[in-house]
Amino acid sequence: MIVAHLPAGYIVSTLLFHRFKKYGVPRSVFLRAGLLGSIAPDLDMIYFYGFDHRAHPHHSYFSHFPSVWLLLLTLAILCFQHCRQKKLPLLALIFTCNGMLHMLLDYIASNIYWLAPFVNRPFALITVPSVYQDWWLNFLLHRSFALEILIVLWAAYLWRKQCMARSS
């Protein structure tokens with residue numbers, strides 16, 4: 001995924017907010033935590049470009065291990081269930097939920113190390129062939145990019161619907 005992580009995080013956060021608004025977390029804070037979670041795994045790009053000099057695929061870093069996100073999600077769920085104060089665990093829950101969503105979206109057309117750190121083998125639902133020299137062009141012109149466009153359009157629809165509801 002190239003452009004759909006943030007819109008997908010917006011969709012999930014928007015749809016889940018109504019279920020959790022009774023806990024007193026403002027919508028804007030809930031959305032920010034969800035949006036940050038939706039792109040958090042890609043913060044490893046700072047290391048990828050700044051320090052590793054693209055020596056290893058950034059999906060091979062621990063921040064892209066689904067096991068890490070499942071562990072964090074499990075901890076967030078447990079905290080949410082067992083803590084009296086629900087606000088912070090709720091923010092952790094939406095953050096990690098969207099981090100896990102990031103893994104699922106990346107799996108569609110990129111390599112994800114589902115069994116890491118125990119097995120160092122990548123898996124991908126679809127393999128995007130390397131036809132063009134620029135890596136991003138291969139993804140933009142692949143049919144899987146249509147899913148990204150649909151996600152962006154759905155997020156835009158929800159955002160517009162929310163704006164219309166606030167203005168009326």
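The values are calculated or read from the model by the stated rules, or taken from the named source; none is laboratory data. Since the structure is predicted, the reported quantities are computational estimates derived from the model, not experimental observations. Virtual Cβ from ideal backbone geometry, glycine too; neighbours counted across all protein chains shown.
For region 127-136, the condition holds for no residue, the condition being that it is among the aromatic types (Phe, Trp, Tyr) and modelled with pLDDT of 95 or more.
The residues of region 37-85 that are polar (S, T, N, Q), exposed (fewer than 13 other Cβ atoms within 10 Å of the Cβ) and part of a helix (DSSP H, G or I), listed by number, are Thr74, Gln81.
Selection of first residues in region 124-148 that are closer than 18 Å to Pro57 by Cβ and free of Cβ contacts under 8 Å to residues at least 12 places away in the same chain and of second residues that are part of a loop (DSSP other than H, G, I, E, B) and polar (S, T, N, Q), restricted to Cβ pairs under 8 Å at least 6 apart or on distinct chains, gives the following pairs, ordered by first then second residue: Asn138/Ser130. Residue count for region 44-64 satisfying the condition of being among the charged types (D, E, K, R) and over 17 Å from Met100 (Cβ atoms): 2.
Would you mind stating whether Ile108 is in a helix (DSSP H, G or I) and of a type in the set (Val, Ile, Thr)? So Ile108 passes the test.
Scanning region 146-168 for residues that are in contact with a Gly (Cβ under 9 Å, 6 or more places away or on another chain) and not in a helix (DSSP H, G or I) yields no hits at all. Could you look through region 6-31, keep only residues that are among the polar types (S, T, N, Q) and farther than 10 Å from Asn98 by Cβ, and pick out the one that is nearest to the chain's Cα centre (by Cα)? Looking at the filtered set, the residue picked out is Thr14. Taking the numbered list (1) at pLDDT 95 or above; (2) surrounded by fewer than 16 Cβ atoms within 10 Å (Cβ to Cβ); (3) under 30 Å from Leu71 (Cα atoms); (4) touching a helix residue (DSSP H, G or I) at 6+ places or on another chain (Cβ under 8 Å) in turn, Ala156 passes all entries but (3).
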